[in-house]
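Structure first, commentary second.
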Amino acid sequence: MNEQTKIEETQTDLLLIRKVNDIVKAMDEIDELIKTSSERRSNIDLELSDLLHIIENNNLDEFASHNITKRIHDLRKKRRSISNEQALIELWKQQRKDLLYSSSRAQLGKLFLDRIDSLEMPYKNRVLSDEDIDSLLHQRVSYSPNGIENTSDSTKEEPVERESKKHKRTTGKNKEERDKQIVELYSQSVAPKEIAKQLGITVAIVRNTIYKTRTLNN
């Protein structure tokens, strides 16, 4: 074996070793992500529990209500991200043994993309209707000491960081027309946030309408 052949074989061996080390490093990083994921979600759940007890045990003014709601909103966003991460982790656990086979590796990327698409489906309300959500978001409700509920249109007062004054409740025929507009705009590849802005409604209503339409069509 001449010197040039030895050099080439050594370089090949070194390249293979580097590739194996890269794989080992990537696997270690995934294992660390798996190990910390549940702990991170548990910490968020504990903080959410603290906030719910604050709401339960205190009479909150508008300033406190805004601060706590904003905190809950941020935590729920983080929790959703971690939950999606855990769904992908479960898929990884199911598929990692197949990484040894080239035919399976070719499908792995598609499996993850399909799972991500399923995770991005809008939340389907279990109890509240679209109108209930619209009312909660855009009507001011206060409670007197004797427990009588007072409701007023939130657009008559200036709330803290109110997103929009254009939102209106819709029922019956108007709702049907709105749903048709949502579906039509979505079919034209208009993003849900932009649809909500154009129609003066919430993104939640847009996403729920799209979800219901998909369900009926399947």
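Candidates are the residues of segment 46-60 that are part of a helix (DSSP H, G or I), loosely packed, with under 12 Cβ neighbours inside 10 Å and of a type outside the set (A, V, I, L, M); the one that is nearest to the chain's Cα centre (by Cα) is Ser49.
Restricting to segment 175-194, name every residue that is hydrophobic (A, V, I, L, M, F, W, C) and either over 22 Å from His138 (Cα atoms) or within 18 Å of the chain's Cα centre (by Cα) (or both). Spell out the reasoning first.
Of all residues in segment 175-194, those hydrophobic (A, V, I, L, M, F, W, C) come to 182-183, 185, 190-191.
The answer is Val183, Leu185, Val190, Ala191.
Every condition in (1) touching a residue at least 12 places away in the same chain (Cβ under 8 Å); (2) within 20 Å of the chain's Cα centre (by Cα); (3) in the same structural domain as Val20 (by TED's automatic domain parsing) is met by Asn125 except one, and the failing one is (3).
From Gln107, Gln95, grab the single residue that is without any contact (Cβ under 8 Å) to a residue 24 or more places away in the chain and surrounded by 15 or more Cβ atoms within 10 Å (Cβ to Cβ). Step through it out loud before you land on a result.
Values: Gln107 fails: surrounded by 15 or more Cβ atoms within 10 Å (Cβ to Cβ).
Step by step, each of Gln107, Gln95 is checked, and only Gln95 is without any contact (Cβ under 8 Å) to a residue 24 or more places away in the chain and surrounded by 15 or more Cβ atoms within 10 Å (Cβ to Cβ).
State whether one or more residues within segment 86-97 are over 24 Å from Ile116 (Cβ atoms), assigned to a helix (DSSP H, G or I) and of a type outside the set (S, T, N, Q). No.
Counting only residues that are touching a residue at least 12 places away in the same chain (Cβ under 8 Å) and either among the aliphatic types (A, V, I, L, M) or in contact with a strand residue (DSSP E or B) (Cβ under 6 Å, 6 or more places away or on another chain) (or both), how many does segment 53-73 have?
As a first pass, look at segment 53-73 and keep what is touching a residue at least 12 places away in the same chain (Cβ under 8 Å): 54-55, 62-63, 66, 68, 71-72.
Now drop any that are not either among the aliphatic types (A, V, I, L, M) or in contact with a strand residue (DSSP E or B) (Cβ under 6 Å, 6 or more places away or on another chain) (or both), which leaves 54-55, 68, 72.
The total comes to 4.
Restricting Lys110, Lys124 to residues that are part of a helix (DSSP H, G or I) and not acidic (Asp, Glu) narrows the list to Lys110. Annotation: Ser135 fulfils all but one of (1) outside the structural domain of Thr209 (by TED's automatic domain parsing); (2) at pLDDT 80 or above; the unmet one is (1).
The values are calculated or read from the model by the stated rules, or taken from the named source; none is laboratory data. Small disclaimer: the values here were computed from a predicted structure and weren't measured. Methodologically, a virtual Cβ is constructed for each residue, glycine included, from the backbone with ideal geometry; neighbour enumeration extends over all protein chains shown.
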